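Here's the structure, in structure tokens; my notes come after.
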Amino acid sequence: MVEFSKVNIKDIKDEDDDQEEEEEPGEEIESAPPLKVGEEREIKSPFGCLKKKLLKRGVNWESPQFGDEVTIHYVGSLLDGTEFVSGDMDKPFTFRLGHGEVVTGLDHGIITMRKGEKALFTLPPEVGYGEAGTDGVPPDSIIQFEVELTSWITVVDVFRDGGIIKKIMDRGEQVGPPNDLDEVCVNYKVTLVDDTVVAKTPEEGVEFYVKDGHFCPALPKAIKTMQRGERVNLIVQPQYAFGDVGKESVEEFPPVPPDSVLNIALQLSAIKPVIDVTGDMKVKKKILKEGEGVLTANEGASVTIRYIAKLEDGNVFERKGFDGGQPLEFITAEEQVIIGLDRAATTMKKGECATLTISPEYGFGSSEVKQDLSIIPPSSTVVYEVEMLDFTRISIGYYNCSSSNYVLIHVHGKEKAPWEMSNLEKIEAAVRKKEEGNQLFKTGKYQRAGKKYEKAAEYVSEGGVFTDEDQKLVKSLRLSCWLNGAACNLKLNDFQEVIKLCSKVLDVESCNVKALYRRVQAYMEVGELHLAELDIKKALEVDPLNREVKLIQKNLKNLLAESNRRDAKLYSAMFSHMANDSSNAVKRLKTADD
């Protein structure tokens, strides 16, 4: 059989530093329609052009890429029909594209093919066997290959260092890949290069959290590139396996010797996504069953759930909606249940089932709590198995009965997203959210109130397009929400956020006394006394008789005086130290002169 290999392109291709940028390898005529059976077309490659004639259509739309492992039937011949190479029809030829295992032109032709396609490629010498030729092929010969692409395997170099080579045997379901927090179920079989089995999962597979890892470092790294249901073969070099240490024998499996290359047949059977609900890893939601659609029961929704609540040791302390019991109905963001359950509910879809792990800060705190079936000890982490049975978003609207008066009405139904609202609906929603914030502020729920004000301001943001008639009301709403938000953040000691919100107001109304006053309070708390002094001066220019501003000015003068005394004492000590150093230096000089 004639050697079926690639010639040295460097011997054929002239080097030209000024050569214009070539088209992508295998790219056909731009915007050309698909080839018809019997039609021929030129294909450009970086090394020269070749021709492709379609003999039989393929299926689907995907084509292999360089690095993939393809399987073909082929016949190579000269232009006069003399065959110089052919494959065994009972044993197709398998090789990796772009790795020098076939002539260059054939690599670039095959990447244009689809599965099951048959084509005739005509290769000039520069992309064939060149001026050297080969057995059965004279020098500088134009050759032809009739090729049928039976299948291919996508090959991925996971870290592009050859450490983990992944061959995709079966593609997944377009679900995934998993992230570090997710729990996965996998099946695998691990062998050495001599086919010795050194590890194997039970038939049902094994479950673990990706971040915790499993078996060897390569496993979680490869899993993070996979889809649910995907089946792959991994070739793992020692640095991603067990290195120069190896692994001791476990149960019936033999040890892994040092510096061993591993072959891992791996399938990602299931992914259970885990969501960090609160952003601090103190309320985690593991999705056991996906819900319906895309809508979630967001803030303010009326939800119906059923759940089993346990301690970490599995002791059940509450059960709702099971064994003939009534499910729980509540409105989110109204503190009708523990914060962790409330927050998680706002992320759930109808029909979704999930396990919630809730830390004490978002659960029952540091106190002992008696529940229906058990007592919850102080500072307990609790686990809820929850199903979202149904939810309805409840919105409270305002009807504009005059240019300045709004009448409260109740509308039950799904609340629209901002982009779905008319200008009037956005204004009504902003007024509603602001009023909800006011009620929360009065009861001391400053964090929730701040969120309401933030949401209200978003409805009437500067990016919105409002009529001239609405602009005055919109501006007033926006400024009022920023100021109220600043008041909330003062209560929460988030002084940088106070400065940010008040600065927003002052960018619109540079003489807004309330914004100046609240920014002064924040500046004083963070030690920016001179900036506070400038704001007070400006506020008193606008309202010289403002009692609150005068009172805070008095406090600021005391703080400035105290700051000046500290600075004077510090500088005095510094100068005294410098004078002593200077005196000592003079003495040393005199001693040296003597």
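Couple of notes before you dig in:
- Options TYR523, ASN233, PHE93, ranked by Cα towards positive dipole end of the chain, top entry (Cβ charges): TYR523
- Cα centre as origin, Lys/Arg/Asp/Glu Cβ charges: the chain dipole, Debye: 4160 debye
- Most positive-pole-ward Cα, ILE153, TYR129, ILE110, against dipole of segment 91-170 from beta carbon charges: ILE153
- Helix axis angle, 547-593 relative to the chain longest principal axis, alpha carbon, degrees: 70 degrees
- Of the residues GLY279, PRO258, VAL206, the one whose Cα sits farthest towards the positive end of the charge dipole of segment 174-286 is GLY279 (charges of +1 on Lys and Arg Cβ, -1 on Asp and Glu Cβ, taken about the Cα centre).
- Cα gyration tensor, segment 424-514 - rounded (a/c under 1.5), prolate or oblate: oblate
- Taking each residue as 0.36 nm, the span from SER503 to VAL369 lengthens on full extension beyond its C-alpha to C-alpha distance by 43.8 nm.
- Averaging Cα coordinates gives a centre for segment 165-225 and one for segment 230-303; these two points are 7 Å apart.
- Pair SER510, VAL245: separation of 7 Å Cα→Cβ label points (nm): 6.6 nm
- Cα gyration tensor shape for segment 157-296, rounded if a/c is under 1.5, else prolate or oblate: prolate
- 22 Å Cα-Cα reach of LYS550 towards lysines, excluding residues that sit fewer than 8 places from it in its own chain: LYS491, LYS514, LYS537, LYS538
- Segment 19-159: C-alpha gyration tensor shape, a/c 1.5 cut-off, then a/b vs b/c: rounded
- The separation of segment 492-544 from segment 452-491, counted between C-alpha centres, amounts to 18 Å.
- Expected 222 nm ellipticity per residue - DSSP helices of 4 or more, -39500 (n - 2.57), all of the chain, to 500: -9500 deg cm²/dmol
- For the chain, the longest principal axis of the Cα atoms and the long axis of helix 495-508 meet at an angle of about 90 degrees.
- Ordering 222-232, 135-145 by mean Cβ neighbour count within 10 Å, with the highest value first, yields 222-232, 135-145.
- With respect to the chain, whose longest principal axis is taken over its alpha-carbon atoms, helix 529-542 is tilted by about 60°.
- Placing +1 on the Cβ of every Lys and Arg and -1 on the Cβ of every Asp and Glu, with no other charges, gives segment 67-107 a dipole of roughly 40 debye about its Cα centre.
- Å² of accessible area per residue within segment 155-246, as computed with a 1.4 Å probe and no ligands counted: 50 Å²
- Theoretical FRET efficiency, 1/(1+(r/R0)^6), r = Cβ-Cβ of LYS36 and GLU252, R0 56 Å, to 0.05: 0.40
- Ranked by how many other beta carbons lie within 10 Å on average, peptides 547-553, 265-271 from highest: 265-271, 547-553
- Estimated FRET transfer efficiency (GLU425, ASP280; beta-carbon r; R0 41 Å; 0.05): 0.75
- Peptides ranked, highest mean first, by Cβ atoms within 10 Å: ranges 46-55, 524-533: 46-55, 524-533
- For P(r) over Cα pairs in 10 Å bins from 0, in percent, the candidate list reads (1) 3, 14, 20, 19, 18, 14, 8, 3, 1, 0, 0; (2) 3, 11, 13, 14, 14, 14, 13, 10, 5, 2, 0; (3) 3, 18, 29, 27, 16, 5, 1, 0, 0; the entry that matches the value derived from this model is (2).
The values are calculated or read from the model by the stated rules, or taken from the named source; none is laboratory data. Quick caveat: nothing in here was measured; it's all calculated off a predicted structure. FYI the Cβ positions are ideal-geometry reconstructions off the backbone, even for glycines, and counts take in every protein chain you see. Accessible surface is based on the protein model in full, side chains and every heavy atom, while ligands, DNA and RNA are left aside. Shrake-Rupley method; radii C 1.70, N 1.55, O 1.52, S 1.80 Å.
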